[in-house]
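The values are calculated or read from the model by the stated rules, or taken from the named source; none is laboratory data. Just so it is clear, the structure is predicted and the values come from calculations on it, not from any experiment. As a convention, Cβ positions derive from the backbone with ideal geometry for all residues, glycine included, and neighbour counts pool all protein chains shown. Accessible surface areas use protein heavy atoms only, side chains included; no ligands, DNA or RNA. Shrake-Rupley method; radii C 1.70, N 1.55, O 1.52, S 1.80 Å.
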Amino acid sequence: MPESSAQLIDGKVYAERLRARVAEEVAALKASHGIQPGLAVVLVGDDPASQIYVRSKGEQSLAAGMHSVTHRLPEDTTQAELERLVAELNVDPLIHGILVQLPLPKHLDEKPILALLNPDKDVDGLTVANAGRLAQSLPALVPCTPMGCMILLRDVLGDLTGKRAVVVGRSVLVGRPIAQLLLQADCTVTIAHSRTADLPAVCREADILVAAVGRPRMIKGDWIKPGAAVIDVGINRVPFDDPIKAAEGRTKVVGDVDFKQASQVAGWLTPAPGGVGPMTVAVLLQNTVTAAKMQAGLI
Ligand code: NDP
């Protein structure tokens, strides 16, 4: 058997391309209408992974020529203080997109925050309004990771009409919106989850298999239809295979798909890390430009 039959989908390359296109759109919007798309990112507390994500969102939006503000709030921020900030950003004319970095510290409730968020500025696509618009195929701000997956799939497969798609995971953030987007692209979609019977057999039906589970290397090679396009959304921290590094407590990131096995069966495969992940921030920038255009009545 060859070392690897799958073609790898390099998310870093796609993300770089998308960021370049966003930077061009930002420049054009400034030149033609005097609008500089503005993104506000709100981080509460000091979760190390969230700090990294937030820093990269700030840096990348600035690099694309956008107005960028990061609000770093202390861990003991109250619900009322956070809601007050979101309410201010909702009406700030310089801000077109608002992203509240999740998860929030345990004492804060994200539901009222999302309910308060102006759907036109909801660049993470998490409000009920945007989820509803997506479900009805109306123009919407779509969650960034699912949109990133679709950009990759459309590029490698072209027209998706009639393809059998299986999404493993039904979260509001990832699984459901990906399924909606695949449905809009005329795929025949199955959403699998923790109660799905005979998950391997369900997965084997897929021309497009999307794993958004949060379980390291759960999807095995023999769950994959030969030649399928496999999109691995998972980000899981596991100890290193090397026992010395593992003993030092060092960890690495792996996806929800067993990469080694999948790469011998799949036709296309996203590595994790380096596949879907880099697309998420690039799509966030794109969504902010879309939001700015929508708010200006340009689309
Ligand atoms: P959630 O925990 O919200 O959802 C996980 C889903 O997987 C649930 O629907 C759950 O089913 C299902 N599931 C759990 N265990 C099994 C199982 N044994 N068999 C079948 N289905 C199962 O996670 P998210 O959707 O937020 O994230 C999924 C993964 O994607 C995580 O690893 C996360 O880190 C990653 N992620 C990556 C991003 C990126 O930028 N690349 C962005 C966002 C997330 P049920 O509903 O029945 O409980």
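Taking helices (runs of 4 or more DSSP H) that fall entirely within segment 8-105, which contain at least 3 residues that are within 16 Å of the chain's Cα centre (by Cα)?
The helices (runs of 4 or more DSSP H) meeting that bar are 11-33, 48-63.
Could you please find all residues in segment 225-240 being of a type in the set (A, V, I, L, M) and either in contact with a Cys (Cβ under 7 Å, 6 or more places away or on another chain) or open to solvent by 10 Å² or more (accessible area, probe 1.4 Å) (or both)?
Correct list: 231, 233, 235, 238.
Is one or more of the residues making up segment 277-291 more than 23 Å from the chain's Cα centre (by Cα) and not assigned by TED's automatic domain parsing to the domain that holds residue 53?
No, there is no match, as no residue in segment 277-291 is more than 23 Å from the chain's Cα centre (by Cα) and not assigned by TED's automatic domain parsing to the domain that holds residue 53.
Are any residues in segment 18-64 touching a Lys or Arg at 6+ places or on another chain (Cβ under 9 Å) and within 15 Å of residue 284 (Cβ to Cβ), and if so, which ones?
Of everything in segment 18-64, those that are touching a Lys or Arg at 6+ places or on another chain (Cβ under 9 Å) and within 15 Å of residue 284 (Cβ to Cβ) turn out to be 25, 37, 39, 40, 41, 42, 43, 54, 60, 63, 64.
May I ask you to say which residue of 86, 128 is free of Cβ contacts under 8 Å to residues at least 40 places away in the same chain, away from the ligand (no atom under 16 Å from the Cβ), among the β-branched types (Val, Ile, Thr) and not assigned by TED's automatic domain parsing to the domain that holds residue 235?
Of 86, 128, the one residue that is free of Cβ contacts under 8 Å to residues at least 40 places away in the same chain, away from the ligand (no atom under 16 Å from the Cβ), among the β-branched types (Val, Ile, Thr) and not assigned by TED's automatic domain parsing to the domain that holds residue 235 is 128.
I want to confirm something. Restricting to segment 54-79 and keeping residues that are touching a residue at least 40 places away in the same chain (Cβ under 8 Å) and surrounded by 17 or more Cβ atoms within 10 Å (Cβ to Cβ), which single residue is farthest from residue 22 (Cα to Cα)?
54
May I ask you to list pairs of residues, at least six apart or on different chains, whose Cβ atoms are under 9 Å apart, with the first in segment 233-261 being among the aromatic types (Phe, Trp, Tyr) and the second being assigned to a strand (DSSP E or B) and within 16 Å of the ligand (Cβ to nearest atom)?
240/251; 240/252; 259/232; 259/269
Residue 294 - would you say it is within 12 Å of the chain's Cα centre (by Cα) and part of a helix (DSSP H, G or I)?
It is false that residue 294 is within 12 Å of the chain's Cα centre (by Cα) and part of a helix (DSSP H, G or I).
Those residues that are surrounded by fewer than 23 Cβ atoms within 10 Å (Cβ to Cβ), more than 11 Å from the ligand (Cβ to nearest atom) and not in a loop (DSSP other than H, G, I, E, B), I need them from segment 261-284; list them, please.
Within segment 261-284, 261, 268 meet the criteria.
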